[in-house]
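In what follows, a structure is listed as C-alpha cells, so that the remarks can point back to it.
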Amino acid sequence: MFRFLSRQPESPELYGDHILLRLPRYQDYAAWYALRSESRAFLQPWEPSWRHDELTESAFRARVIRNSQEFSSGLAVPLFMFRREDKALLGGITIGYIRRGAAQSCMVGYWMGERHAAKGHMFAAVQLVVPYIFSGLQLHRIEAACIPENWKSIRLLEKAGFEREGVLRKYLKINGEWRDHILYSLIEGDTAERGKQLTL
C-alpha cells in the first residue's frame with residue numbers, strides 16, 4: 001500500500017518502506033547528471049538517442065519546467081526515485097500519456113541507474129505507482145511497452161501483474177532504430193481478481 005503525502009497540490013510524494021517518489025527539482029541536477037553519466041552505456045540500448053546537450057544543466061532545467069507543466073495540465077506525473085535512508089537518486093518512473101474521457105488510461109515508463117539495478121527498487125516503485133494511478137488519479141488502465149530483448153523489464157512487469165497483449169510493430173525509435181515493443185497492461189481490479197483466484 002502506498003502513502004501519498006503532499007504539502008502542496010503541485011508536489012506529489014509517494015512513500016514506500018525504502019523509497020520516495022517525487023517530481024524532479026532544479027537541485028536534483030548534480031545527482032541526476034552523475035547517475036545518468038555513469039549509466040549511459042547501461043541505459044542507451046533501451047532509450048531514444050541522447051541529444052548532444054542531453055546532460056547539460058540548461059537541458060535539465062528545461063526538463064524540470066516541462067515536467068511541472070505536464071503534471072499541472074494532467075498529462076503526466078514524472079517522478080524521480082530516491083532511497084529514503086540517504087536521499088540517493090536511484091532512477092525515475094513516469095506516468096505519461098494520461099488520457100481521460102472514454103479511455104481513462106496512461107502509459108508507464110522507467111529507468112534505473114546501473115549501480116542501483118537488480119536490487120528490487122523498480123518493483124517497489126511500480127508497487128507504489130499502481131495504487132496511486134488507480135486510486136489517486138482514478139484511471140482504469142495502465143499500459144507499459146518494452147523491447148522484446150529487455151527481459152529484465154518483461155520480468156518486472158509480469159511480476160507486477162501486467163498481462164501481455166501483443167506486439168506493437170516499429171513502435172518507438174530507440175537508440176536510433178525503430179523497434180518493435182511488447183505491450184503489457186494492467187486493468188483496475190486485476191490484482192484483486194488475481195488474489196481471489198489464488199484463494200479459491
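Just so you know, all these numbers are worked out from the coordinates, no wet-lab data involved. Quantities reported herein were computed from a predicted structural model and do not represent experimental measurements. Using ideal geometry, Cβ is built from the backbone for each residue, glycine included, and neighbour counts are taken over all protein chains shown.
Any idea how far apart ARG155 and LYS170 come out in nm if each label point goes 7 Å out from Cα toward Cβ?
Here the modelled spin labels are 3.2 nm apart.
Over its Cα atoms, what ratio of radius of gyration to 2.2 N^0.38 Å does the range 42-105 give?
Relative to the rule-of-thumb radius for its length, the range 42-105 sits at 1.34.
Would you mind calculating the relative contact order of the chain from Cα pairs under 8 angstrom and at least 6 residues apart, reporting the percent as a whole number? Show your work: numbers first, answer last.
Working: 320 pairs, mean separation 38.0, N = 200.
Once normalised by length, the contact order is 19 percent.
Exposure proxy check: ILE187, ILE147, ILE95, ILE65 ranked by fewest other beta carbons within 10 Å? List each step's numbers first, then the result.
On the way: ILE187 15, ILE147 18, ILE95 26, ILE65 12.
Ordered by Cβ neighbours within 10 Å, fewest first: ILE65, ILE187, ILE147, ILE95.
In straight Cα distance, which lysines are under 26 Å from LYS87, not counting same-chain residues fewer than 8 positions off?
LYS119, LYS152
State the volume of the convex hull built on the alpha-carbon positions of the chain, expressed per residue in Å³ and rounded to an integer.
Here the figure is 134 Å³ per residue.
Of the chain, which part is the longest with no trypsin sites (Lys or Arg not before Pro) in a loop (DSSP not H, G, I, E, B) and with at most 13 other C-beta atoms within 10 angstrom?
Looking at the chain, 120-200 is the longest stretch - no exposed trypsin sites (Lys or Arg not before Pro) with at most 13 other Cβ atoms within 10 Å.
7 Å from Cα along Cα→Cβ at both TRP178 and TYR26: what's the point-to-point distance in nm?
Modelled inter-label distance: 4.1 nm.
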